[in-house]
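Student: One structure coming up, written as structure tokens, with questions to follow.
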Amino acid sequence: MSLAFAPSATALPLVDVPAWNDRVVRRSRTELSPFLMRPEIIGVLRRWDDVPPISEADLHEFPEDSVEAVAFIASKLGVTQDEVLNATGIKERTYFGWRSSGHRPRASSQGQLWPMVQVVGRLSNVHSHLQAWFQSSQAARDAFTAGDTNSLIMAEMDWALRNLTIDKPFVPADGDVTIGPLSGWSPLESEDLEETEIGHSVATDYGIK
Amino acid sequence: MTEQIVEVDVTDEFDRPLGGLEGMRRIRFDRTQMEGAAAEIRFLPGKPELTEADAVHVWEGLDKAALPIFERQTMNVVNLTLKPTGHDQTHEVQQGWVMASTDRRTAVSLYPSVVAVQTANYDHYRTSLGDPLTRVLQLFVEATGASVVQRIGLRYVNRLQNSEAVTPIYWSEHVRAAFAGPLVQGIAPLVEALHQQVQLRLDDTAAARVQSGVFREQTTEALYSYLVDIDVFREQAINFDEILCANLTRQLNRTALALFAHVLSDEYLAQMGPSPIEENS
């Protein structure tokens, strides 16, 4: 729902803002069907709750074993199981051995699986539609295919720098200041950028589909 | 509070609000806009799935003419496994069924572990939620064999509107200071919207979440309404007993009403047209 008066959060690009919602102790809640109430009230309650929707995809949460880890990467990026195995350097026979035996795999047989899980998990928190970004970025797909987690992260950072509108860093008049991680960085000219609004996503699922 | 509103009308222990809150008479407000009300009971599932035959059994025991819509529905459910040391919480998707009125403003939802009665046509507790819930629970337990209740919840969403509320500060005179927050402080003229969430511990297993605040209506002219969202619930594993469930739910209702009175000023409550409810209505 788009509301003209809704204030948007001030974006802090490249700054790792704590996920405050994760730190709130939440107890269970009594669900109310979104079909019951007027849309504007549903919109207000969603903004108040400010929690991401729980979708079936979210139910996978963070994988607990190697088999889940393969499924996790495949579902987040929209790629096949074989593509995940190839990218992370896991032999197909090894993978099916894990599935059939349920044995805990040796670390040496898991290749780049867990570093890739870390990166994909991180990216999925940044992108509301990770698959859309991944499928539209040749650099990201190349990095993934090569199992190169660093390049995958760089592809994301490069995309963010080119697409997210960022105010120039404030520099006092005397210029005698160290800006830290932003030093030496200069934003692209606005005409080169695609307009993108940064804001928190509003939950689209209020419990009942 | 005015004498008319706060007169306590206790007939048994379940009519006494939890948390030592001050009770109110059995009243209904003639001039409020109840956006939605829900009574929800969560069970330890008696069956992993709720078949269409089970759901039809419940539906046929209800007033099918009043709930002619019968559909399949999916719900994300937060499950609590209660232990002496606390509880574990997990999410799962449950397939269920919904029976609704033609205008969909009243609905009964059934899932393997959840029974819910919801309405946007709220009149008063017994007729709108209490009695329908008791009937649905009887039928649900018959059909599924569910026997352990894990959570009982009641939720009310009230939207307070007034044509004179052209700025948020209007509500500073009608909401108690504890809930008005910045509206009664020096920055009040700057407030554009307000949201406060309060979590209350009522006893060892009962709690409440009160969300309240001002929001701007989607009208051309500036108009600000006040929303009060009260969720009162008990998280406790108990063997299903229809009378006990009915009483515990009634107790949550009395608690919700008491909390509502703690949010709004006496004067505003009086303006909302409280009228007594007859004992057997």
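Student: Can you pull out every residue in the stretch A:39-77 that is modelled with pLDDT of 85 or more and either at the interface with another protein chain (Cβ under 8 Å from one of its Cβ atoms) or on the phi > 0 side of the Ramachandran plot (or both)?
Tutor: Correct list: A:E40, A:I41, A:V44, A:L45.
Student: Hey, can you tell me all the residues within the stretch B:160-181 that are away from every other protein chain (no Cβ under 12 Å) and in a helix (DSSP H, G or I)?
Tutor: Of everything in the stretch B:160-181, those that are away from every other protein chain (no Cβ under 12 Å) and in a helix (DSSP H, G or I) turn out to be B:I169, B:Y170, B:W171, B:S172, B:E173, B:A177, B:A178, B:F179, B:A180, B:G181.
Student: Take B:F240 and decide whether it is of a type in the set (F, W, Y), within 14 Å of another protein chain (Cβ to nearest Cβ) and touching a helix residue (DSSP H, G or I) at 6+ places or on another chain (Cβ under 8 Å).
Tutor: no
Student: From the list B:Q185, B:Q161, B:Q218, exactly one residue is under 19 Å from A:I42 (Cα atoms) and without any contact (Cβ under 8 Å) to a residue 40 or more places away in the chain. Which is it?
Tutor: B:Q218
Student: A:S151 - would you say it is modelled with pLDDT of 50 or more and assigned to a loop (DSSP other than H, G, I, E, B)?
Tutor: no
Student: Among B:A146, B:A120, B:A206, which is the only one that is closer than 16 Å to B:L252 by Cβ, surrounded by 17 or more Cβ atoms within 10 Å (Cβ to Cβ) and touching a Lys or Arg at 6+ places or on another chain (Cβ under 9 Å)? Let's see the steps before the verdict.
Tutor: On the way: B:A146 fails: closer than 16 Å to B:L252 by Cβ; B:A120 fails: closer than 16 Å to B:L252 by Cβ.
Residue meeting the stated conditions: B:A206.
Student: Name the single residue that is nearest to the other protein chains (Cβ to nearest Cβ) among those in the stretch B:31-43 being modelled with pLDDT under 85 and in contact with a strand residue (DSSP E or B) (Cβ under 6 Å, 6 or more places away or on another chain). Walk me through it before giving the result.
Tutor: Applying the first criterion (modelled with pLDDT under 85) to the stretch B:31-43 yields B:31-33.
If we keep only those that are in contact with a strand residue (DSSP E or B) (Cβ under 6 Å, 6 or more places away or on another chain) too, we end up with B:32-33.
Working: B:T32: 14, B:Q33: 10 Å.
My answer is B:Q33.
Student: Could you list, in sequence order, the residues of the stretch B:214-233 that are more than 7 Å from chain A (Cβ to nearest Cβ), surrounded by 20 or more Cβ atoms within 10 Å (Cβ to Cβ) and under 19 Å from B:V175 (Cα atoms)?
Tutor: B:V214, B:Y224, B:S225, B:Y226, B:V228, B:I230
Student: Just wondering, is there one or more residues in the stretch B:188-199 that are surrounded by 15 or more Cβ atoms within 10 Å (Cβ to Cβ), more than 14 Å from chain A (Cβ to nearest Cβ) and more than 15 Å from the chain's Cα centre (by Cα)?
Tutor: Yes: one or more hits.
Student: Oh, and also: Please pick out the residue among B:L248, B:L202, B:L264 that is more than 11 Å from chain A (Cβ to nearest Cβ), closer than 19 Å to B:L21 by Cα and within 15 Å of the chain's Cα centre (by Cα). First the steps, then the outcome.
Tutor: Working: B:L202 fails: within 15 Å of the chain's Cα centre (by Cα); B:L264 fails: within 15 Å of the chain's Cα centre (by Cα).
Answer to the selection: B:L248.
Student: Out of all the residues in the stretch B:182-216, which are of a type in the set (V, I, T) and outside any strand (DSSP E or B)?
Tutor: B:V184, B:I187, B:V191, B:T205
The values are calculated or read from the model by the stated rules, or taken from the named source; none is laboratory data. Keep in mind the model is a prediction, meaning the values are calculated, not measured. All Cβ positions, even for glycine, are placed from backbone atoms using ideal geometry, and neighbour counts span all protein chains on display.
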